[in-house]
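Working notes, structure below.
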Amino acid sequence: MIEKREFYIGGRWVSPATPNDLPVIDPSTEEPCAVISLGSEADTNAAVAAAKEAFPSWAFTAPAKRREYVEKILANYEARQEELARAISLEMGAPIDFARNSQAPCLPWHLKNFLTAFDSFEFLRPLGPHAPNDRIALEPVGVVGLITPWNWPMNQVTLKVIPALLAGCTMVLKPSELAPLSSLLFAEFVHDAGVPPGVFNLVNGDGPGVGSQLSGHKDVDMISFTGSTRAGAAITKNAADTFKRVCLELGGKGANLVFADADEKAVKRGVMHCFNNSGQSCNAPTRMLVERPIYDQAVEIAREVAENRKVASAHEPGNHIGPVVSEAQYNKIQGLIEKGIAEGARLVAGGLGRPEGLNRGYFVRPTVFADVTNEMTIAREEVFGPVLSIIPFDTEEEAVAIANDTIYGLTNYVQSQDGERRNRLARRLRSGMVEMNGQSRAAGSPFGGVKASGRAREGGHWGIEEFLDVKAISGWAAE
């Protein structure tokens with residue numbers, strides 16, 4: 001049993017003010033694998049106070065010096081990346097090879113992209129040639145509370161902590177209590193990098209506890225949150241009285257528009273993407289909209305992919321789907337599959353219960369529904385599991401209308417060989433991101449959405465700007 005009860009506050013590991021043990025459950029076995037402590041208001045206050053005390057000095061640390069600390073964090077990751085992959089696999093059920101190849105490497109990928117953006121970043125810039133004595137200064141927001149999820153733990157920690165450090169902010173991180181082990185290891189990377197005491201702090205806790213204490217704290221200047229839309233709304237309301245900046249990266253219900261002229265791998269690619277990370281990604285293409293001439297063929301391909309997708313323990317090597325993160329998540333997914341059947345969607349593959357041969361662990365059968373309408377619950381709610389809904393369409397206009405008929409607006413997808421159509425759809429789809437023909441967004445491209453998906457922008461220049469305030473200055477003396 002791993003014991004990780006301490007918090008990282010003011011540059012050292014400290015015991016909780018009041019012991020409050022919480023087991024961390026291995027989703028492959030349903031057995032406790034570690035124990036942490038949930039923080040109290042006293043712990044939150046201590047962490048915020050440490051960040052507040054460190055801010056004046058850190059904010060005016062030379063940018064080059066802040067960069068050095070971040071480079072040292074990267075070096076510590078590279079020395080301990082296998083530990084990080086194993087922690088992620090254990091805590092949230094990512095198959096170990098997937099944790100090694102996709103989950104843990106989020107840290108160096110985003111960190112290096114931030115450094116590239118940082119090297120061309122102007123913290124003090126002219127307003128324009130019409131105003132030679134005006135300057136625009138970009139200055140750190142202050143003390144920031146960072147609340148991260150369990151599904152891509154190191155992805156989100158890196159997307160928040162690294163730009164906050166580079167911007168000159170101090171911070172308190174509250175990782176998900178379901179998947180805290182990788183974040184505790186990340187705190188060791190920060191400590192071993194020599195980041196000054198109080199700049200980075202970590203307190204474990206749940207949303208109603210440490211999460212709400214941070215979002216309502218008078219000395220926290222900004223909250224950056226990734227998680228459910230429901231929790232994002234609660235955070236926004238709780239933060240209102242203290243006028244802090246609130247940056248939200250929330251849920252999604254991505255539409256994948258597959259036209260008759262799509263390449264032959266488009267449907268398989270879309271199904272595999274939906275099932276990636278056991279379907280636990282906010283940007284998953286969970287609604288596949290298929291043009292009528294190839295609809296039956298697409299349904300058959302989806303069925304074959306789902307039935308051939310192996311599900312197994314996160315501890316086994318290989319290319320397979322692991323469990324979902326928790327019993328609550330498993331039960332939620334089962335309820336939505338049941339709802340899909342009850343509302344008349346045609347079950348093509350998968351369905352209720354665990355896959356054959358797995359009677360323990362939070363394993364979900366890769367599931368495909370066909371003949372879904374956009375009014376059905378499975379087309380409207382974020383399932384956050386390996387469940388795909390296939391919807392037919394006849395015209396481009398109908399496809400756009402279906403895709404945009406959702407409260408969410410994170411990522412949409414287009415599969416077509418018609419370049420003009422792709423460009424047209426990229427502008428008409430209401431989402432923060434559009435990916436086409438299987439081409440991923442490039443390094444430094446911002447991640448974020450619109451509507452109930454939140455309006456944060458994480459990554460690259462935009463990710464650093466999230467943690468900066470704009471100051472307009474006149475009368476600047478010529479140098």
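Quick look at the values:
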item	result
Gyration tensor (alpha-carbon) shape descriptor, region 264-347, a/c threshold 1.5	oblate
Long-range HN-HN contacts of residue 289 with modeled amide H, under 5 Å	256, 257, 258, 391
Beta bridges per DSSP with both ends in the chain, % antiparallel, nearest 5	35
Expected 222 nm ellipticity per residue - DSSP helices of 4 or more, -39500 (n - 2.57), all of the chain, to 500	-11500 deg cm²/dmol
Stokes-Einstein translational diffusion, region 255-441 - Kirkwood Rh over all Cα pairs, 1.002 mPa s, 20 °C, in µm²/s	130
Full-extension gain in nm, residue 338 to residue 428, via 0.36 nm per residue minus C-alpha separation	29.1 nm
Pairwise Cα inverse-distance average, inverted: Kirkwood Rh of region 209-333 (Å)	17.5
Fully extended contour minus Cα-Cα distance, from residue 477 to residue 418, at 0.36 nm per residue	15.8 nm
Nearby aspartates and glutamates by direct alpha-carbon distance to residue 4 (threshold 16 angstrom, same-chain neighbours under 8 apart not counted)	21, 26, 43, 83, 91, 177, 188, 206
Long pairs among 112/268; 52/237; 174/332, criterion Cα-Cα beyond 28 Å	112/268
Rg(Cα)/(2.2 N^0.38 Å) for region 344-479, N = residue count	1.45
Distance from region 191-205 to region 331-351 (C-alpha centre basis), Å	44
Positive minus negative residues near residue 5 (Lys, Arg vs Asp, Glu; Cβ under 12 Å)	-3
Compactness index (Cα Rg / 2.2 N^0.38 Å), the chain	1.00
Beta bridges by DSSP in region 329-444, antiparallel share as percent, to the nearest 5	30
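Bear in mind that the values in this text are calculations on the coordinates, not laboratory data. Remember, it's a predicted structure, so these values are computed and weren't measured experimentally. All Cβ positions, even for glycine, are placed from backbone atoms using ideal geometry, and neighbour counts span all protein chains on display.
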